[in-house]
Amino acid sequence: RCARGRREGGEARATALRGEVAGRLRVGFNKDGGALRSTELLGALSRRHPELTFEVTTGTSGVLMKQILGRDLDATFYEGDCEDAAVESVELLKQELVIAVPRAWAEQSDRPDWTWLASKPWVFVSPSCSYHRYIERVERVNGLRLQKRFQMDDDATGLKLIADRSAITMTTREALQHSGLDRSGAVAVWPHFRDVLPLSLGYLKSRRDDPVIAALRETAVAVWKTKSPPEGGLAKGG
């Protein structure tokens, strides 16, 4: 596999000298923030670089980052932070992290009562998903033990459970808007919590100058217009 990777990288560098980018890009999209714009990104890349081919993987941020370190992916989009010194990251967007509740339940809580949240069933995401660490922070900061009724790695299914008045979950406002459930009237954002979840592109630092990586980085920055971070942070209930 390593020998094949060196050969493909050499081919990419050779074509770059002729003003082209060719070869195969193995790219990962995390299931929420990254996947929301995957079609737009891949379309832009294919138009800019018609000799480039793509191998696409979708998964949770933690699993995809392991594939970067194992050289099974060339680059990935992921949410949260990466502390591995071997990985270089380009932050693309600061997403607003929210707690989604059934609208009927939201009307029951007009103050930041975290014990009320703890009394309700929750959808927990996979431990390899970035949301999981934030839910754990909510528990730790507020001295809670939330009811883990459901665990899944599919945010869309979790949001449908919220609309069905079956649970509460943590998600991003962008994912909630993409689902359309915020406009349906079935799901509301609990107003007493806001935090920030970065979405980034990650790849090995040793491959920073690889033409395929450079092409992906340039196109991703163009597709994801950087926005100002939402105000606020991890809230503690009163």
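The values are calculated or read from the model by the stated rules, or taken from the named source; none is laboratory data. Quick caveat: nothing in here was measured; it's all calculated off a predicted structure. Neighbour counts run over all protein chains shown; Cβ positions are idealised from the backbone, glycine included. Accessible surface areas use protein heavy atoms only, side chains included; no ligands, DNA or RNA. Shrake-Rupley method; radii C 1.70, N 1.55, O 1.52, S 1.80 Å.
Could you work out Rg/(2.2 N^0.38 Å) for the stretch 127-188, with Rg from alpha carbons only?
On the way: Rg = 12.0 Å, N = 62, 2.2 N^0.38 = 10.6 Å.
With N residues counted in the stretch 127-188, Rg over 2.2 N^0.38 Å equals 1.14.
Note down the Stokes-Einstein diffusion coefficient of the stretch 34-151 in µm²/s, whole number, using a Kirkwood radius over alpha carbon pairs, 37 °C, and 0.692 mPa s.
Numbers: Rh = 17.3 Å.
Roughly 190 µm²/s, to the nearest whole number.
Can you give me the % of accessible surface on the chain that is carbon or sulfur? Probe 1.4 Å, all protein chains present, nothing else counted.
Numbers: 5430 of 11510 Å².
Carbon and sulfur: 47 percent of the exposed surface of the chain.
Step through the table entries LYS160/LYS225; LYS66/LYS120; LYS31/LYS160; LYS120/LYS225; LYS160/LYS205; LYS120/LYS160, compare each Cα-Cα distance with 27 Å, and write down the pairs that go over it. Walk me through the intermediate numbers first.
Details: LYS160/LYS225 29 Å; LYS66/LYS120 33 Å; LYS31/LYS160 16 Å; LYS120/LYS225 37 Å; LYS160/LYS205 39 Å; LYS120/LYS160 16 Å.
LYS160/LYS225; LYS66/LYS120; LYS120/LYS225; LYS160/LYS205, as the Cα separations exceed 27 Å there.
How large is the Rg to Rh ratio of the stretch 91-238 when both quantities use alpha carbon positions and Rh follows Kirkwood?
Values: Rg = 17.0 Å, Rh = 16.5 Å.
We get a ratio of 1.03 for the stretch 91-238.
How high is the relative contact order of the stretch 125-203, given as a whole-number percent (alpha carbon pairs under 8 Å, six or more residues apart)?
22
Where does the chain land at 222 nm, in deg cm²/dmol rounded to the nearest 500, when only DSSP H runs of n ≥ 4 count, each adding -39500 (n - 2.57), divided by all residues?
On the way: 10 runs with 91 residues, N = 238.
Rounded to the nearest 500, it is -11000 deg cm²/dmol.
Whole-Hz ³J(HN,Hα) for each residue in the stretch 40-52, computed from phi via Karplus 6.51 cos²θ - 1.76 cosθ + 1.60 with θ = phi - 60°, x for glycine and proline: what do you get?
Karplus values, whole Hz, x for Gly and Pro: 4, 5, 5, x, 5, 5, 5, 6, 6, 10, x, 8, 8.
Can you list the HN-Hα couplings for the stretch 193-202, worked out from phi with the Karplus curve (6.51, -1.76, 1.60; θ = phi - 60°), rounded to whole Hz and with x for Gly and Pro?
So the J values, rounded to whole Hz, are 9, 8, 8, 10, 10, x, 10, 9, 9, x.
Report, to the nearest 10°, how far helix 130-142 tilts away from the longest principal axis of the Cα atoms in the chain, using its own Cα long axis and a range of 0 to 90°.
30
Between beta-carbons, use under 9 Å as the cut-off and find the net charge around PRO198, counting Lys and Arg +1, Asp and Glu -1. Working shown, then result.
On the way: positive: LYS94; negative: GLU79, ASP81, GLU91.
Once positives and negatives cancel, what remains is -2.
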